[in-house]
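Scroll down for the structure; my scribbles are underneath it.
The values are calculated or read from the model by the stated rules, or taken from the named source; none is laboratory data. Everything numeric in this text was worked out from a predicted model, so none of it was measured. Note: ideal-geometry Cβ built from the backbone for every residue, glycine included; neighbour counts use all protein chains shown.
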Amino acid sequence: MQDHNHSPVLCIGAAHWDVRSQCSAPVRRGTSNPVSVSRFPGGVAHNVAMNLCRLGGKVGLASRWGDDPAGDAIARHLSASGLNLLALPRSANAPTATYTAVLEPDGELAVGLADMAIYDELTPDLLEPLHRDLSSFPIWFVDTNIPAKTLESLADWQQGHGLLTADAVSVAKSTRLLNLLDRLGLLFCNCDEAAELSGVTIRDVGDIQNAGAALVARGVGAVMISAGKEGAFLFQKGIQEHFPARKVEVVDVTGAGDALIAGTLHGIARGFDFAKAVQRGVAAAALTLEKHGATFEGLHEKDLDAFVAGLK
């Protein structure tokens, strides 16, 4: 059941199919590898939105699909999920996006293959007719699968009206945020992305602290840097906090970063400060690491609360 005290969150970006090829032995390049293949709905914006929805939040999603069977399937899946879909026209020029992950036997990513050209069509002109609908959400989350000019337009639209949060997604795509860092209320990134955006080479925890401080100095309201087994680091003006990762049996790492974001946004939507919200993000990531798939269907708000209470 949804808690109507939650502030609504809008997710804008990638929503597509993830194909996971789990290798039964360590990956050998240049030859055939025996795998087991599964397919799940995925994409950063989708994963964050679905996690938020399962946590009881009020969630909107805006993305772009092709006029093809894959697009039909993702639309049916999302329509049944309880998400508020902000309708965009289907593409007649590009297929629905696909992300293929080749995983080592321990669940670590060996190589990722992304067919994401359709998201280049998410232009400001395409989103403009939805401007009023977008404005009804006080919290926005964007991923950098969409073009830099679109991200900048969204930052302009949201400035002074609500909280804009963003995930850097990858080193290459993270640079799409460079012109709007001073309009971001909260930036999510990993160490490689933080290094790219800050210009600080990251080799140890001290470098993570320097990178976070540099990004705050560039005008970002708050920066959360995820560091895998080292946990997460939160930086705000004059404040640095570390949130250790919980030791769990890792089954699939693919959705953990998106769960970390969703848990954090869920905390913010409930009115918690950023530090308490990140605690819930760490909890969501830990629970997701123990399950297959980009999102954990059993994720529940009470489990995050219990996890956080256990840390005290």
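A few points about this structure:
- Of everything listed in (1) farther than 26 Å from Ala101 by Cβ; (2) among the small types (Gly, Ala, Ser); (3) at pLDDT below 85, the single unmet condition for Gly293 is (1).
- Looking across segment 88-110, the residues that are more than 15 Å from Leu126 (Cβ to Cβ) and either over 19 Å from the mean Cα position of the chain (by Cα) or not in a strand (DSSP E or B) (or both) come down to Pro95, Thr96, Ala97, Val102, Leu103, Glu104, Pro105, Asp106, Gly107, Glu108, Ala110.
- Restricting the first member to segment 9-35 and to residues that are surrounded by fewer than 10 Cβ atoms within 10 Å (Cβ to Cβ), and the second to residues that are hydroxyl-bearing (Ser, Thr, Tyr), the beta-carbon pairs closer than 6 Å and six or more apart or on different chains are Pro34/Ser24.
- Cβ pairs under 6 Å, 6+ apart, first in segment 139-165 and more than 19 Å from Ala14 (Cα to Cα), second of a type in the set (Phe, Trp, Tyr) and in a strand (DSSP E or B): Gln158/Trp140
- Failed criterion for Phe235 (all others in (1) touching a strand residue (DSSP E or B) at 6+ places or on another chain (Cβ under 6 Å); (2) at pLDDT 95 or above; (3) surrounded by fewer than 24 Cβ atoms within 10 Å (Cβ to Cβ) hold): (3)
- Condition met for Leu126 (among the aliphatic types (A, V, I, L, M), touching a helix residue (DSSP H, G or I) at 6+ places or on another chain (Cβ under 8 Å) and part of a helix (DSSP H, G or I)): no
- Qualifying residue in segment 58-69 (condition: surrounded by fewer than 19 Cβ atoms within 10 Å (Cβ to Cβ) and in contact with a strand residue (DSSP E or B) (Cβ under 8 Å, 6 or more places away or on another chain)): yes
- Remark: pairs (first residue in segment 213-235, among the basic types (Lys, Arg); second residue surrounded by 19 or more Cβ atoms within 10 Å (Cβ to Cβ); Cβ separation under 7 Å; 6+ apart in sequence or on different chains) = Arg218/Leu181.
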